[in-house]
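In what follows, a structure is listed as structure tokens, so that the remarks can point back to it.
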Amino acid sequence: MPAAKPAPDGTTATRDARRLSTLLEVSQALSGTLNLKSSMQRVIQILIRHHGVVRGMVTLLREGELHVEASEGFDDRARTVSFKMGEGITGQVVQRGKPIVVPRVSKEPEFLNRMPRRADVPRHELSFICVPIVVQRSTVGTLAVDLKFKPERDYESSMKFFGIVSSMIAQALNVQRLVEEERRRLVDENTHLRQELRERYDFSNIIGTSGPTRQMYEQVAQVAQTNTTVLIRGESGTGKELIAHAIHYNSLRAKKPFVKVSCAALPDTLIESELFGYEKGAFTGATARKKGRFELAESGTLFLDEIGDINLSTQVKLLRVLQEREFERVGGTDTVKVNVRMIAATNKDMEKGMLEGTFREDLYYRLNVFTIFVPPLRDRKADLLLLADHFLEKFSREHGKVIKRISTPAIDMLMSYHWPGNVREMENALERAILVCDGAVIHAHHLPPSLQTADASGTVTHVSLGDAVAAYERDLIQDALKTTRGNRAKAARLLDTTERILNYKVRGYHIDVRRFKAPEISKRMVAERHPEPHSTPTEVASD
């Protein structure tokens, strides 16, 4: 390769220093913003300013054609020009993936001269250099420049320099594509997660068919599509948060944030700053401004759980937010406007709190626009078997166990218990039962002791060892008779004993075999699952 010729306006060292300075400037232009079109425009401007470029353009491949993405020195109509693969010098560069140098444009028959020049650009004999932009070994575009024709110009050196600039543009294009792919992935993931949340908290998934539950369904459906403030009341463990989720994800704000605050979990000294945020320097440790939960829930829903535990000073500010939709951060004077839907929940006696002066009446009436009462589990015993079946399926899948059903005595125990902890207590009880169960059936002894002792339930008295063994034996016999539809011979074979001994036990325990026979089976027995191979889907799902 011939030695580099000195530049007309200086030495080779001066030229190289100028090129290095230009490359630094190009790098800063490309990395300074994610708006790649404006960055490429700046790159061409830098080349015009420092390297005698008369005109320049960057083209990118889209849908099989080259389109002008950035240009300088051309008429505005240049933005609409496109080249096909292999068309003209630019099209050939993309097709071959190699640079092309045209020392004298006027002598090149393949030069299309399609780009309209600006009227204020002087007409000179031009040289044309076009280099490919290659991303991951694929040519995706070109960088093309027009230079004044100079016989002494070192075209090889110039081509390499503009090739370096094109590789920097290629790297910026690659980064942008990665960013776009990541953004699309995050958007898709966000959409998927929101859809999962919506499906999970759809009010049609709230389990139960009893009268109180159906009434609750109707109330949720009525209020979900509005922006009304909702107060959810009910005992601890009844599923108030589930109702709040159902309202949000079936509302017009479903795609906006759902922010939860447990008022009982936050100390009085922190709850105000958590709800409304604070300014820098508002108190010791406030080193920067922090947004509160109201601002984080903008255009969405704010769920205040256990609102009956909120202190009186915070109640005053909360009342203003509900009335005026505005507040000030702690330590600040600027008024912040918010557009938030409020859902509150409590297990406290609000009326008693107002009489005792622990809860403001005016705040209560602002919250009590639409009240939903969540019934305790003892008032919806008709839903108990459906809930038991749901938790059985859920925890069997989570813990990798094959639990097919709950035995009759265990169901009787579940039905007779008063469930002071409501659905949450029942969920925990069945998860424990599945963990300790070593077979395919949950029996009464798998249930927590709280369901089996007098101290907790008031339903079982102290028994001797003999009585306990007898009770367990009676459970096994009843379960076998249920499985065989009252057929004592089959039940005896299941229990690995003789029919005579089984009959003796049945009479001794006063078991009514007729209740297990198919023609006389009760509605409760129909609702229970049994392991027969020809069981209907409805029977299996209900046990």
>> at pLDDT 90 or above and over 32 Å from the mean Cα position of the chain (by Cα): is that true of Ser396 in this structure?
In response: no
>> Here is a check on your reading of the model: is Gln41 among the polar types (S, T, N, Q), under 19 Å from Ala170 (Cα atoms), touching a strand residue (DSSP E or B) at 6+ places or on another chain (Cβ under 9 Å) and modelled with pLDDT of 85 or more?
In response: yes
> Ala429 is checked against (1) in a helix (DSSP H, G or I); (2) modelled with pLDDT under 90 and fails just one. What number does that condition carry?
Replying inline: (2)
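Check whether at least one residue in the stretch 74-85 is free of Cβ contacts under 8 Å to residues at least 40 places away in the same chain, touching a helix residue (DSSP H, G or I) at 6+ places or on another chain (Cβ under 7 Å), surrounded by fewer than 17 Cβ atoms within 10 Å (Cβ to Cβ) and not in a helix (DSSP H, G or I), and report yes or no. Give the derivation first.
So the first thing to find is which residues in the stretch 74-85 are free of Cβ contacts under 8 Å to residues at least 40 places away in the same chain, and the list is 76-85.
Subset that is touching a helix residue (DSSP H, G or I) at 6+ places or on another chain (Cβ under 7 Å): 83-85.
Adding the requirement that they be surrounded by fewer than 17 Cβ atoms within 10 Å (Cβ to Cβ) leaves 84-85.
With not in a helix (DSSP H, G or I) added as a condition, the list becomes 84-85.
Looking for residues that are free of Cβ contacts under 8 Å to residues at least 40 places away in the same chain, touching a helix residue (DSSP H, G or I) at 6+ places or on another chain (Cβ under 7 Å), surrounded by fewer than 17 Cβ atoms within 10 Å (Cβ to Cβ) and not in a helix (DSSP H, G or I), one finds at least one in the stretch 74-85, hence yes.
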>> Against the conditions (1) open to solvent by 50 Å² or more (accessible area, probe 1.4 Å); (2) touching a Pro at 6+ places or on another chain (Cβ under 7 Å); (3) under 19 Å from Gln171 (Cα atoms), where does Val93 fall short? Just the number, please.
In response: (1)
> Which number in (1) closer than 20 Å to Thr90 by Cβ; (2) open to solvent by 40 Å² or more (accessible area, probe 1.4 Å) marks the one condition that Pro151 misses?
Replying inline: (1)
> When you scan the stretch 324-404 for strands (runs of 3 or more DSSP E) that lie fully inside it, which ones turn up with 2 or more residues that are of a type outside the set (A, V, I, L, M), open to solvent by 20 Å² or more (accessible area, probe 1.4 Å) and touching an Asp or Glu at 6+ places or on another chain (Cβ under 8 Å)?
Replying inline: 335-337
> Do the conditions hold for Leu270, that is, is it exposed (fewer than 15 other Cβ atoms within 10 Å of the Cβ), touching a residue at least 12 places away in the same chain (Cβ under 8 Å), aliphatic (A, V, I, L, M) and farther than 28 Å from Asn190 by Cα?
Replying inline: no
>> For the stretch 254-261, check the following and say yes or no: at least one residue is among the aromatic types (Phe, Trp, Tyr), in a strand (DSSP E or B) and either open to solvent by less than 50 Å² (accessible area, probe 1.4 Å) or at pLDDT 90 or above (or both).
In response: yes
>> Could you check the stretch 99-130 and list, in sequence order, the residues that are modelled with pLDDT of 85 or more and of a type in the set (Gly, Ala, Ser)?
In response: Ser127
> Which condition breaks for Met40 when tested against (1) open to solvent by 10 Å² or more (accessible area, probe 1.4 Å); (2) touching a residue at least 60 places away in the same chain (Cβ under 8 Å); (3) part of a helix (DSSP H, G or I)?
Replying inline: (1)
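If I ask for residues that are among the β-branched types (Val, Ile, Thr) and in contact with a Gly (Cβ under 7 Å, 6 or more places away or on another chain), which ones from the stretch 296-316 would you list?
none
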> For residues in the stretch 263-289 being β-branched (Val, Ile, Thr) and outside any helix (DSSP H, G or I), which is modelled with the highest pLDDT?
Replying inline: Thr287
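The values are calculated or read from the model by the stated rules, or taken from the named source; none is laboratory data. Predicted model, so just to flag it, every value in this text is computed and none were measured. We place every Cβ from the backbone using ideal geometry, glycine too, and count neighbours over all the protein chains shown. Side chains included, ligands, DNA and RNA excluded: accessible areas come from the protein's heavy atoms. Shrake-Rupley method; radii C 1.70, N 1.55, O 1.52, S 1.80 Å.
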